[in-house]
1. Once neighbouring chains are kept in place and the probe is 1.4 Å, which whole percent of the accessible area of the stretch 1-134 is contributed by carbon and sulfur?
2. Hey, rough spin-label estimate for Thr124 and Arg179, points 7 angstrom out along Cα→Cβ, what's it come to in nanometres?
3. Which values, in whole Å and largest first, are the semi-axes of the equivalent ellipsoid of the stretch 105-169 obtained as the square root of 5 times each eigenvalue of the Cα gyration tensor?
4. First measure r as the distance between the Cβ atoms of Tyr73 and Ala158, then evaluate 1/(1 + (r/R0)^6) with R0 = 22 Å and state the FRET efficiency to the nearest 0.05.
5. Amide H to amide H, which residues 5 or more places from His171 or on other chains are under 5 Å from it, using H placed in the peptide plane?
6. Long-range amide H contacts for Lys61: which residues qualify at under 5 Å (H placed 1.01 Å from N, peptide plane, sequence gap of 5 or more or a different chain)?
7. Just to confirm, what accessible area per residue do you get for the chain at 1.4 Å probe, in whole Å²?
8. If you plug each phi of the stretch 64-72 into the Karplus form 6.51 cos²θ - 1.76 cosθ + 1.60 with θ = phi - 60°, what whole-Hz ³J(HN,Hα) values come out, in order, with x for Gly and Pro?
Amino acid sequence: EGIEIFQGNKRTRKLEDHEYEPFMRALEQGEHKEKRSYYGVNALRLALYLGMRVQEVLRIKWEHVHLDEDYIYLPKTKGLKKKGNRELTKALNKKAKELLASLKRKEGHPYVFPGRKPNEPLTTVNKLKQKMCKHANIKDFKTHDLRHTFASYGMTKAGLDIYTISKLLGHKNLQSTTRYAHLDLNHLRGAASKMGDIF
């Protein structure tokens with residue numbers, strides 16, 4: 001009693017329409033500018049294409065990728081207590097599948113996005129993301145906002161409902177997806193208008 005209930009993270013920052021192309025151009029340039037940037041840039045792309053947490057993307061092994069069946073199966077890593085450590089099955093869309101099929105494999109390395117150490121993945125792409133945002137003149141954009149961009153674009157551009165977005169994000173319940181409810185409402189207004197035309 002007397003203690004305010006924690007409301008959770010209500011941030012819904014995403015790539016705005018005018019920011020998307022500059023950001024993707026910055027990734028393209030970054031990929032070819034430095035050898036070190038190749039895997040980091042493509043990890044950022046995959047996070048955007050699939051709405052995955054970046055920490056989940058970084059722990060994908062080639063054995064988890066099933067291109068012929070269009071999915072990734074990511075098991076929970078024993079002993080790892082970081083965010084994004086959950087069992088996950090993710091359907092691959094065309095862009096994600098093309099990206100994974102085109103990636104250069106580091107010989108003998110199990111991870112899709114290998115780090116400098118043998119048998120270890122990239123640990124972070126935050127500095128690279130900051131550099132890309134600086135080149136694209138994008139401010140106040142966090143790595144996790146790629147996930148928000150996926151959800152927002154799914155509703156506003158693909159016309160997906162909030163339940164489907166919730167499933168694509170891997171949320172356990174709809175409550176986690178309610179921050180995007182205002183976007184779903186805009187979509188429903190259009191549908192309601194069409195229903196009104198019938199009567």
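The values are calculated or read from the model by the stated rules, or taken from the named source; none is laboratory data. Since we're looking at a predicted model, the values are computed, not measured. With ideal geometry, Cβ positions are generated from the backbone for all residues, glycine too; neighbour counts draw on all protein chains shown. Accessible surface areas use protein heavy atoms only, side chains included; no ligands, DNA or RNA. Shrake-Rupley method; radii C 1.70, N 1.55, O 1.52, S 1.80 Å.
1. Values: 4330 of 8770 Å².
Carbon plus sulfur share of accessible area: 49 percent.
2. Roughly 2.0 nm, to one decimal.
3. Values: eigenvalues 169, 75, 15 Å².
After scaling each eigenvalue by five and taking roots: 29, 19, 9 Å.
4. Numbers: r = 24 Å, r/R0 = 1.09.
So, using R0 = 22 Å, E works out to roughly 0.40.
5. Correct list: empty.
6. Residues meeting the amide H criterion: Val112.
7. Numbers: 12750 Å² over 199 residues.
I get 64 Å² per residue for the chain.
8. For the stretch 64-72, the Karplus-derived couplings read 7, 8, 10, 5, 5, 9, 6, 8, 10 Hz, x marking Gly and Pro.
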